[in-house]
Amino acid sequence: MTEVQRIDYPPLPLLPSAPASVAASEFVDLPRPRLDAGLPLMAALARRQSVREYADAPIALDTLGELLWAADGINRPASGGHTAPSAHGFNEIDIYVALPHGVYRYEPALDRLLLKHAVDARNMTGYQDFVGKAALDLVYVLRGSQALGTPPRQRELFAAVAVGAIAQNVSLYCASEGLATVVRGWINHRLLADALRLNEDELPMLAQTVGRPL
Ligand SMILES: Cc1cc2nc3c(=O)[nH]c(=O)nc-3n(C[C@H](O)[C@H](O)[C@H](O)COP(=O)(O)O)c2cc1C
């Protein structure tokens, strides 16, 4: 019988967030994605893996636009449908992007980023040694007020499934574009809520590092 392997993540002290490296603007318009680019789905699936070593190299805005569109962008403008499914179409998950020049929230309907906090908060998004070194960290945040009519357990379940779908979209885009990524549940929820300037009803659920491989 094959033994199940348990991966241990050694605890590391959290560093304070760094000041933003360049002036951040309030909105960043994202370029439209190339819809004919990338690997065939089966080839991307064959390359999907978790990576925990990153080069100190930025990611171009074109790539960031495609990454976020793949994650949860609008793929059917007529109906407002997204690339990831969402129970009842609540679309209750916001994607935050921690970049060297600030923390932004992705606004899929407007194809843009909204500046939330002009600080480099990448190293606040987790405990592992590569966190803060890669080009960016995504944080998936549940907007609780969006699904208030749903019983709490079901709301949590639906939100977790939606986050999983978004994270897998990101992983497949990364596999297709030769980027490195890992999803991370090991986060400090309270610290992240402060770093991202979240409201009381917003909960960080999962982080995902994205960068160039070493
Ligand atoms: C919900 C979830 C949380 C995870 N949290 C972490 C984490 O905090 N840190 C980490 O390095 N990997 C994390 N991972 C990645 C898993 O460790 C990884 O998927 C697993 O070891 C299998 O390796 P593979 O993704 O390369 O197939 C997480 C994966 C999932 C689905």
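When Ala60 is tested against (1) within 16 Å of the ligand (Cβ to nearest atom); (2) loosely packed, with under 11 Cβ neighbours inside 10 Å; (3) not β-branched (Val, Ile, Thr), exactly one condition is not met: (1). In the set (1) out of contact with any strand residue (DSSP E or B) (no Cβ under 7 Å at 6 or more places or on another chain); (2) buried (at least 22 other Cβ atoms within 10 Å of the Cβ); (3) not hydroxyl-bearing (Ser, Thr, Tyr), Asp137 fails one condition alone, (1). Residues in the stretch 21-38 that are surrounded by fewer than 16 Cβ atoms within 10 Å (Cβ to Cβ), out of contact with any His (no Cβ under 8 Å at 6 or more places or on another chain) and farther than 18 Å from Ile166 by Cα: Ser25, Glu26, Phe27, Asp29, Pro31, Arg32, Arg34, Asp36, Ala37.
Residue count for the stretch 114-124 under the criterion of being in a strand (DSSP E or B) and over 14 Å from Asp137 (Cα atoms): the result is 4. Considering the stretch 138-153, and only residues there that are of a type outside the set (Gly, Ala, Ser) and without any contact (Cβ under 8 Å) to a residue 40 or more places away in the chain, the residue that is farthest from the ligand (Cβ to nearest atom) turns out to be Leu148. The residues listed here are Arg48, Arg76; of these, the one that is among the charged types (D, E, K, R), over 24 Å from Val139 (Cβ atoms) and at pLDDT 95 or above is Arg76. Inspect all residues belonging to the stretch 147-162 and state whether any of them is at pLDDT 95 or above and closer than 28 Å to Ala57 by Cα. No, the stretch 147-162 contains no residue that is at pLDDT 95 or above and closer than 28 Å to Ala57 by Cα.
The values are calculated or read from the model by the stated rules, or taken from the named source; none is laboratory data. The structure displayed is predicted, hence computed values, not measured ones. Please note: Cβ atoms are built from the backbone with ideal geometry, for glycine as well, and neighbour counts cover all protein chains shown.
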